[in-house]
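In what follows, a single structure is set out as structure tokens and then discussed.
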Amino acid sequence: MRLAKVAKIAAAMASAGFLSLLAACGNGLEGAAQSTGPTVTIGVSTDLPYLSLQEGDKYSGFDIDVAKYVAQKLGYSYKQIIWKQVPPGQSASDLNSGVVGMVIGGYSITAKAKEDVDFAGPYLVQKQKLLVSDRNKSITSLQDLSGKSVCVQEGSAAESVIKSALGPDVAVHTLPSTPQCVTELFDGTVQAVSAGGVLLSALNKFKGGGYLKVVGNGFATEYMGIAVKKNSPGLVYQINQDIKLMITSGTWKRDLEATVGQTGYKITPYNAPDAISAQDSQETISEGTVKND
């Protein structure tokens, strides 16, 4: 059975030491001629408040907390982590060339993305929602975007779902990041921004200034994952175990409440993955109205 085989591989790798494993695989590891030992390079977003934000030389947010937890379980102290900004379209190439060892932050598990990288997780589940002007009364659901304009991150789950649902009836603007879409919303270029509800709540709290609001009951499910180099089943298995431990120990909930919880987002059991499997991670293709996310 494939999963049992992966478990055996993972156990062997763990006993041999993940530091040696990652170095041999070219997974963003550098031999450091310092007392701190080797380092692991983690690719992150730097403009996602409460999730993955860089301010000076400090990184904060829920995604950062998850990355630190996983790195620690893999044998790295905080001082051994090298944070590197990775643009969304560059994640796969940086992983597979060994520039970074893993990528976390705004990376959803989709069938298309899994063609280029392997995913551990999900570590967070969210529903796609909409961010609109606080004065806008005409947009409250996906269907209300018909005849209007919406901005999404290029290549995101929101882009494919909206285009599939509404086709040419909606004008879809794409930009490299969701925060840039918020700027377009403020200047009137678009009438809505679509992304995961967690991210939109964070951006609304950080940038909205009371002039924006998050609407919609959620029209597609998004599973956020930790991406690693293609064909790394042992590493995926180990990271999955670490995420499970983070959830069952209560650390996951505490960290989510301390970050995303500060935005006013209502955290529910829905946000925690019920099951984690590298082989059958669900993808962002689910449509339909739900009561809560």
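So the check is Cβ under 7 Å with 6+ separation or different chains; which pairs have a first residue in segment 226-253 that's within 12 Å of ALA272 (Cβ to Cβ) and a second one that's in a loop (DSSP other than H, G, I, E, B)? Close Cβ pairs (under 7 Å, with a partner that is in a loop (DSSP other than H, G, I, E, B)) amount to ILE243/ILE276; LYS244/ILE276; ILE247/ALA272; TRP252/ALA272.
Identify the residue in segment 128-143 that is more than 23 Å from GLY89 (Cβ to Cβ) and crowded, with 22+ Cβ neighbours inside 10 Å and, among all such residues, is nearest to the chain's Cα centre (by Cα).
Within segment 128-143, the subset more than 23 Å from GLY89 (Cβ to Cβ) is 129-130, 132-143.
When the remaining residues are screened for being crowded, with 22+ Cβ neighbours inside 10 Å, the result is 129-130, 132, 142.
On the way: LYS129: 15, LEU130: 17, VAL132: 22, LEU142: 22 Å.
Applying the filter and picking the extreme gives LYS129.
Against the definition (within 21 Å of THR259 (Cβ to Cβ) and either in a helix (DSSP H, G or I) or not assigned by TED's automatic domain parsing to the domain that holds PHE62 (or both)), how does LEU185 come out, yes or no? Write out each step before concluding.
Values: within 21 Å of THR259 (Cβ to Cβ): no; either in a helix (DSSP H, G or I) or not assigned by TED's automatic domain parsing to the domain that holds PHE62 (or both): yes.
Taking the combined requirement at face value, the residue does not satisfy it.
Of the numbered conditions (1) surrounded by fewer than 22 Cβ atoms within 10 Å (Cβ to Cβ); (2) assigned by TED's automatic domain parsing to the domain that holds THR189, ALA113 satisfies every one except a single condition; which is it? Every listed condition holds for ALA113 apart from (2). Checked against the criterion of being of a type in the set (A, V, I, L, M, F, W, C), surrounded by 20 or more Cβ atoms within 10 Å (Cβ to Cβ), over 16 Å from the mean Cα position of the chain (by Cα) and over 26 Å from CYS151 (Cβ atoms), segment 250-264 contains not a single residue that satisfies it.
Scanning segment 195-224 for residues that are surrounded by 18 or more Cβ atoms within 10 Å (Cβ to Cβ) and either of a type in the set (Asp, Glu) or part of a loop (DSSP other than H, G, I, E, B) (or both) gives GLY216, GLY218, PHE219, GLU222.
Every test in (1) at pLDDT below 85; (2) under 21 Å from GLY225 (Cβ atoms); (3) in a helix (DSSP H, G or I) is passed by ASN27 save one, and that test is (3). Confirm whether TYR69 is among the aromatic types (Phe, Trp, Tyr) and outside any strand (DSSP E or B). When the stated conditions are applied, TYR69 passes them. Filter segment 79-106 for residues that are over 8 Å from GLY43 (Cβ atoms) and in a helix (DSSP H, G or I); which is nearest to the chain's Cα centre (by Cα)? So, considering only residues that are over 8 Å from GLY43 (Cβ atoms) and in a helix (DSSP H, G or I), the one nearest to the chain's Cα centre (by Cα) is PRO88.
Could you tell me whether GLN54 is of a type outside the set (Val, Ile, Thr), closer than 15 Å to GLN241 by Cα and either at pLDDT 95 or above or part of a strand (DSSP E or B) (or both)?
On the way: of a type outside the set (Val, Ile, Thr): yes; closer than 15 Å to GLN241 by Cα: no; either at pLDDT 95 or above or part of a strand (DSSP E or B) (or both): yes.
Here the answer is no, as GLN54 does not meet what is asked.
What single numbered condition from (1) aliphatic (A, V, I, L, M); (2) crowded, with 24+ Cβ neighbours inside 10 Å; (3) assigned to a helix (DSSP H, G or I) fails to hold for LEU166? Condition not satisfied by LEU166: (2). Of the listed requirements (1) closer than 25 Å to GLU257 by Cα; (2) aliphatic (A, V, I, L, M); (3) in the same structural domain as ALA92 (by TED's automatic domain parsing), ALA195 misses just one: (3).
State whether the residues of segment 117-130 include one that is of a type outside the set (S, T, N, Q), part of a loop (DSSP other than H, G, I, E, B) and within 17 Å of VAL236 (Cβ to Cβ). So that I can check it myself, show each step before the final result.
First, the residues of segment 117-130 that are of a type outside the set (S, T, N, Q): 117-125, 127, 129-130.
Cutting the leftovers down to part of a loop (DSSP other than H, G, I, E, B) gives us 117.
Okay, now just the ones that are also within 17 Å of VAL236 (Cβ to Cβ), so 117.
Yes, some residue in segment 117-130 is of a type outside the set (S, T, N, Q), part of a loop (DSSP other than H, G, I, E, B) and within 17 Å of VAL236 (Cβ to Cβ).
When only residues in segment 107-116 that are assigned to a loop (DSSP other than H, G, I, E, B) and of a type outside the set (A, V, I, L, M, F, W, C) count, which is nearest to PRO176 (Cα to Cα)?
Restricting attention to segment 107-116, the residues satisfying the condition of being assigned to a loop (DSSP other than H, G, I, E, B) are 107, 109-112, 116.
Remaining after also requiring of a type outside the set (A, V, I, L, M, F, W, C): 107, 110, 112, 116.
Details: TYR107: 13, THR110: 18, LYS112: 18, ASP116: 19 Å.
Checking each candidate, the answer is TYR107.
The values are calculated or read from the model by the stated rules, or taken from the named source; none is laboratory data. On a predicted model such as this, the values are computed, not experimentally measured, just so you know. No Cβ is skipped: glycine too gets one built from the backbone with ideal geometry, and neighbour counts run over all protein chains shown.
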